[in-house]
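Asker: Sharing a structure, written as structure tokens. Questions coming.
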Amino acid sequence: MSIRTAYLGKLLGLHLVAISLTMFGRAQATVEIMKAIVQDRPLLFIASLIGVTAGLAIVLAHNVLSGGALPVLVTLFGWASLLKGMLLLVLPPELESRVFIVGLRYEQHPNLFAAFALLLGAYMAYSGFHGETRSVK
């Protein structure tokens, strides 16, 4: 794998692990924060811009859909971040809440989302730290 893939795997993996541990430790508070963010238009706008920027950065630097699971996961993470950021910019707040909070049943299953993030993050971080790297040409 490339050095860029390893770096992004470590970065995104450790980020997901940290977020998931916070979600496990404060599940109900996380649900309330997510609901509040959707209702706070200026904060949601800033969060959307950050998501679009992060997604674009990953997609432009690492749009790789071959070479193993980690490169594909990094690329999919970038596209998901870009798409989510764009949706949050264009959807009305009521629809955002219905899609991202109610539709995904985040309120009912925050620990399920935390477990998924923990497993994905642990895999990405492990693969980033222990994968064989090669320089990008």
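Asker: So is Met124 in contact (Cβ under 8 Å) with a residue 24 or more places away in the chain, more than 30 Å from Ser2 (Cβ to Cβ) and open to solvent by less than 40 Å² (accessible area, probe 1.4 Å) or not? Write out each step before concluding.
Answerer: On the way: in contact (Cβ under 8 Å) with a residue 24 or more places away in the chain: yes; more than 30 Å from Ser2 (Cβ to Cβ): no; open to solvent by less than 40 Å² (accessible area, probe 1.4 Å): yes.
Spelling it out, it is not the case that Met124 is in contact (Cβ under 8 Å) with a residue 24 or more places away in the chain, more than 30 Å from Ser2 (Cβ to Cβ) and open to solvent by less than 40 Å² (accessible area, probe 1.4 Å).
Asker: OK, next. Please verify whether Val74 is of a type in the set (Val, Ile, Thr) and under 18 Å from Gly121 (Cα atoms), treating the condition exactly as stated. Talk me through it step by step, then tell me what you get.
Answerer: Working: of a type in the set (Val, Ile, Thr): yes; under 18 Å from Gly121 (Cα atoms): yes.
Considered against the rule, which asks whether it is of a type in the set (Val, Ile, Thr) and under 18 Å from Gly121 (Cα atoms), Val74 comes out as yes.
Asker: With respect to Val64, determine if the residue is under 26 Å from His130 (Cβ atoms) and modelled with pLDDT of 95 or more.
Answerer: no
Asker: Can you run down the residue pairs with Cβ atoms below 8 Å, 6 or more apart or on separate chains, where the first is in the range 1-13 and crowded, with 23+ Cβ neighbours inside 10 Å and the partner is polar (S, T, N, Q)?
Answerer: Listed by first residue and then by second, the contacts come to Thr5/Thr133; Gly9/Ser127; Gly13/Ser127.
Asker: Please verify whether the range 97-118 includes one or more residues that are under 30 Å from Phe129 (Cβ atoms), open to solvent by 90 Å² or more (accessible area, probe 1.4 Å) and either at pLDDT 95 or above or in contact with a His (Cβ under 8 Å, 6 or more places away or on another chain) (or both).
Answerer: No, that holds for no residue.
Asker: Output the residues belonging to the range 46-63 that are farther than 18 Å from Ala117 by Cα and open to solvent by less than 50 Å² (accessible area, probe 1.4 Å). Talk me through it step by step, then tell me what you get.
Answerer: In the first step, residues of the range 46-63 are kept if they are farther than 18 Å from Ala117 by Cα; the result is 46-50, 52-53, 56-63.
Residues satisfying the conditions are Ala47, Ser48, Val52, Ile58, Val59, Ala61, His62.
Asker: Of all residues being charged (D, E, K, R) and in a helix (DSSP H, G or I) in the range 14-48, which is farthest from the chain's Cα centre (by Cα)? Just the residue, please.
Answerer: To start, the set of residues in the range 14-48 that are charged (D, E, K, R) comprises 26, 32, 35, 40-41.
Those still in the list that are in a helix (DSSP H, G or I) too: 32, 35, 41.
Details: Glu32: 19, Lys35: 17, Arg41: 21 Å.
Among them, the one singled out is Arg41.
The values are calculated or read from the model by the stated rules, or taken from the named source; none is laboratory data. Keep in mind that this is a model prediction, so the values were computed, not measured. All Cβ positions, glycine included, derive from the backbone under ideal geometry; neighbour counts span all protein chains shown. All accessible areas refer to the heavy atoms of the entire protein, side chains included, with ligands and DNA or RNA removed. Shrake-Rupley method; radii C 1.70, N 1.55, O 1.52, S 1.80 Å.
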